[in-house]
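> The structure under discussion is supplied below as structure tokens; questions concerning it will follow.
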Amino acid sequence: MKLYNELALWWPLVSSPAEYVEEVAFFLPLLAEITARPSPLLLELGSGGGNNALHMKSSFSMVTLVDLSPQMLEVSQVLNPECEHLPGDMRTVRLKRMFDAVFIHDAIDYMTTIEDLRQAMTTAFVHCIPGGMVLLVPDHVRETFEPMTDHGGEDGEGRSVRFLEWSYDHKETDSTYVTDYVVVLREDNQPVTVEYDQHIIGLFALDEWLSLLRETGFEADYVVDPYERYVFVARKP
Ligand SMILES: C[S@@+](CC[C@H](N)C(=O)[O-])C[C@H]1O[C@@H](n2cnc3c(N)ncnc32)[C@H](O)[C@@H]1O
């Protein structure tokens, strides 16, 4: 995906840290019993540009950030120099350490099969201490998905981004939908360049999420956030 690789340096203008304040204000109270413990440790899988970590890190004594893309880790490193940054795939990474909480935000969207999702949940499980918590935040579950278009982008110093995002379910019988991005980049008032990037996103029913979490070994439930997203709250017994 170009957005997370060759275009990663533009990420803060695609999705700015300020956009995450409200979301984190919803997530942190869900982890209140963890953050109240002495020296709690957080692992985020698929941490991207580190925008969530920026607002979550003061509630933890240490935050470890794992992402598939070295370029996204570099962007996050600038924002979160005090956090540990490690390359890894959330399906297979094994850090041989445990954390009080494991968080997977929208990066869980890139699990496109039940097997992918099961592997990511297993990674969260093996890195979570008994009595610890896991939050998973997919953009949609099958029951709530609707085709949509959106646009955004910001101006930085000498560079600007605008993008169109178009999501649709091309094949209702499988476990994915498509998000097409058209990204327009402008630097130093030069003529714009246009990039196209297609993302294949996983789409699973509420029951599939809950059953898989329970099969993995978690006690699982969900809450609906202010954006009407299903946030899965799992506890390792
Ligand atoms: C939308 S971005 C995350 C943005 C992030 N919420 C933030 O705060 O900036 C999605 C991220 O998921 C990562 N990703 C996709 N598949 C992954 C996988 N299998 N393992 C780890 N990271 C993955 C991508 O590299 C990308 O950085």
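The values are calculated or read from the model by the stated rules, or taken from the named source; none is laboratory data. In this text the structure is predicted, and so the values were computed from the model without any measurement. All Cβ positions, glycine included, derive from the backbone under ideal geometry; neighbour counts span all protein chains shown.
> Could you tell me whether LEU13 is in contact with an Asp or Glu (Cβ under 6 Å, 6 or more places away or on another chain) and either part of a helix (DSSP H, G or I) or of a type in the set (Asp, Glu) (or both)?
yes
> What number goes with the only condition from (1) under 19 Å from GLY48 (Cβ atoms); (2) under 16 Å from the mean Cα position of the chain (by Cα) that HIS127 does not pass?
It is condition (2) that HIS127 fails.
> Here is a further query. Quick one: which of THR149, THR112 is touching a strand residue (DSSP E or B) at 6+ places or on another chain (Cβ under 6 Å) and in a strand (DSSP E or B)? Let's see the steps before the verdict.
Working: THR112 fails: in a strand (DSSP E or B).
Just one listed residue meets the conditions, THR149.
> Moving on to the next point. Out of (1) more than 9 Å from the ligand (Cβ to nearest atom); (2) assigned to a strand (DSSP E or B); (3) not aliphatic (A, V, I, L, M), the odd one out for LYS57 is which?
Of everything listed in (1) more than 9 Å from the ligand (Cβ to nearest atom); (2) assigned to a strand (DSSP E or B); (3) not aliphatic (A, V, I, L, M), LYS57 misses just condition (2).
> Another question about this same structure. If you scan segment 177-207, which residues turn out to be over 21 Å from LEU3 (Cβ atoms) and in contact with a Lys or Arg (Cβ under 8 Å, 6 or more places away or on another chain)?
ASP188, PHE204, ALA205, LEU206
> Let me ask something additional. Please go through segment 83-106 and give me each residue that is touching a Cys at 6+ places or on another chain (Cβ under 7 Å) and in contact (Cβ under 8 Å) with a residue 60 or more places away in the chain, ordered by number.
Listed by number, the list holds a single entry, VAL102.
> Here is a follow-up. Within segment 37-46, is even one residue among the basic types (Lys, Arg), modelled with pLDDT of 95 or more and more than 8 Å from the ligand (Cβ to nearest atom)?
Yes: segment 37-46 contains one or more residues that are among the basic types (Lys, Arg), modelled with pLDDT of 95 or more and more than 8 Å from the ligand (Cβ to nearest atom).
> For the structure I just gave you, tell me whether SER15 is of a type in the set (Ser, Thr, Tyr) and without any contact (Cβ under 8 Å) to a residue 12 or more places away in the chain.
no
> Then there's this: Cβ-Cβ below 7 Å, separation at least six or inter-chain, first residue in segment 162-176 and closer than 19 Å to LEU7 by Cβ, second among the acidic types (Asp, Glu) and in a strand (DSSP E or B): which pairs?
GLU165/ASP150; TRP166/ASP180
> To continue, here is another question. Of (1) touching a Phe, Trp or Tyr at 6+ places or on another chain (Cβ under 9 Å); (2) part of a loop (DSSP other than H, G, I, E, B), GLU157 satisfies all except one. Which?
The number of the failed condition is (1).
> Is there a residue being part of a loop (DSSP other than H, G, I, E, B) and of a type in the set (S, T, N, Q) anywhere in segment 179-202?
Yes - at least one qualifying residue is present in segment 179-202.
> Looking only at segment 200-209, filter to residues that are out of contact with any Asp or Glu (no Cβ under 8 Å at 6 or more places or on another chain) and in contact (Cβ under 8 Å) with a residue 12 or more places away in the chain; which one of those is farthest from ASP109 (Cα to Cα)?
GLU208
> Of all residues in segment 19-41, which are of a type in the set (A, V, I, L, M) and farther than 13 Å from LEU54 by Cα?
Matches in segment 19-41: LEU30, LEU31, ALA32, ILE34, ALA36, LEU41.
> Has segment 100-121 got at least one residue that is at pLDDT 95 or above, among the basic types (Lys, Arg) and more than 15 Å from the ligand (Cβ to nearest atom)?
No, the conditions are met nowhere in segment 100-121.
> Another one. Within segment 60-82, can you find the residues that are part of a helix (DSSP H, G or I), surrounded by 21 or more Cβ atoms within 10 Å (Cβ to Cβ) and without any contact (Cβ under 8 Å) to a residue 40 or more places away in the chain?
LEU73, SER76
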